[in-house]
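Encoded as C-alpha cells, the structure appears first; notes follow it.
The values are calculated or read from the model by the stated rules, or taken from the named source; none is laboratory data. Quick caveat, the model's predicted, so the values are computed rather than measured. A quick note on method: Cβ atoms are made from the backbone with ideal geometry, for glycine too, and the neighbour counts reach across all protein chains shown. When the accessible area is computed, the model is the full protein with side chains, heavy atoms only, and any ligands, DNA or RNA have been set aside. Shrake-Rupley method; radii C 1.70, N 1.55, O 1.52, S 1.80 Å.
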Amino acid sequence: MIQNKELKKVEIISEKPLEQAQYIKTAMVEAKREDGREIFWEMEKGHNSVHVLVDNIEDEFIEVVAQVRVPVKVNFPETEGVCIEACAGLVDKDASIIQIAKEELEEEMGYDVPLENIIPVRRYCSNVGKSGGIVHTFRTEVQNSMKTSEGGGLESEDIAIVRIPYDEVTDYIQRNGKYAEVFTDATTLFLMQDWVIRRLTK
C-alpha cells in the first residue's frame with residue numbers, strides 16, 4: 001500500500017446532540033402495516049452518493065483515497081480515525097450521476113476520465129434500517145496520461161491517494177497482513193470484490 005502524503009491528525013473536542021444539520025435530517029416516520037399494526041421508525045434523510053473504483057491498468061494499482069473520518073475517530077478514539085475508501089461524493093448538485101462521478105474522479109484522484117470510460121457496476125440502498133439512501137457505484141480504468149493534477153480533493157479537505165498493488169487486493173479485502181487494522185467501508189469492499197470476480201472470469 002503506497003500513500004502519496006501524510007494526513008493531518010484530528011482531535012475530538014466535544015460531542016453534543018445535533019440541533020441544526022447541514023447534510024443530515026432526521027425524521028420520525030409513522031406507517032401502518034396491512035394487518036393494522038402501526039410502525040414508528042426513526043430515520044435519517046440525506047444525500048445519495050456516487051462511488052468509483054479506479055483501476056490504473058498502466059501501473060497495476062487499485063487507487064483509492066484515505067481520509068480521517070470523524071465518526072470513526074469518535075468510535076475508535078485510540079486510532080487516528082483514518083478510513084480508506086473508493087473515490088466518492090454526494091449527489092448534491094444539478095448534474096447527472098455519471099457527471100458527478102467524473103467530477104469526483106478529477107477532484108479527488110486527479111484523473112480526467114471520459115464519461116464513456118466510467119462504467120456503472122450497480123445501484124443499491126445503504127443503511128436500509130437507518131436512511132435507505134441510494135449508492136451509485138462505478139468502475140473505471142485509467143492510464144497516467146489521464147492525470148491532470150495530484151488530486152486530493154478540495155482545499156478544505158485532507159485526502160491522500162492510496163495505491164494498492166494488484167497482488168495485494170485480496171489481502172486488503174480479507175484484512176491480511178498490513179491491512180489487518182485498516183478501516184474501510186462496505187461499498188469499497190464490494191467494488192474490490194467485483195474487481196476480483198471480473199479478473200477471475202475474464
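Defining a contact as two alpha carbons under 8 Å apart and six or more residues distant in sequence, what relative contact order in percent does the range 75-155 show? If you can, show how the numbers build up before the last one.
On the way: 95 pairs, mean separation 23.3, N = 81.
Rounded, it is 29 percent for the range 75-155.
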*Compute the long axis of helix 186-200 from its Cα atoms, compare it with the longest principal axis of the Cα atoms of the chain, and write down the angle in degrees, 0 to 90, nearest 10.*
40 degrees
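Which three numbers, in whole Å and largest first, are the semi-axes of the equivalent ellipsoid of the chain derived from its Cα gyration tensor as √(5λ)?
Output for the chain: semi-axes of 30, 21, 18 Å.
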*Using just the helices of the chain, give the 222 nm mean residue ellipticity in deg cm²/dmol: DSSP H runs with n ≥ 4 each add -39,500 (n - 2.57), and the total is spread over all residues, rounded to 500.*
-5000 deg cm²/dmol
*Can you give the accessible area per residue of the chain, in Å², using a 1.4 Å probe?*
63 Å²
*Mean-position separation - Cα centroids, the range 111-171 and the range 1-35, in angstrom*: 21 Å
*Of the beta bridges DSSP finds with both residues in the range 1-156, what % are antiparallel, to the nearest 5?*
80 percent
*Relative to a virtual label point 7 Å from the Cα of residue 45 in the Cα→beta-carbon direction, which members of the range 112-137 show backbone nitrogen distances below 12 Å?*
none
*asked:* Need the list of lysines near residue 147 for cross-linking: C-alpha distance under 25 angstrom, and skip anything on the same chain fewer than eight residues off.
replied: 5, 8, 93, 102
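I'd like the FRET efficiency for residue 6 and residue 124, computed as 1/(1 + (r/R0)^6) with the beta carbon distance as r and R0 of 25 Å, rounded to 0.05.
So, using R0 = 25 Å, E works out to roughly 0.15.
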*Mind ordering 147-158, 33-44 by average Cβ neighbours within 10 Å, highest first?*
147-158, 33-44
*Counting only protein heavy atoms, what percent of the accessible surface of the chain is carbon or sulfur at a 1.4 Å probe?*
50 percent
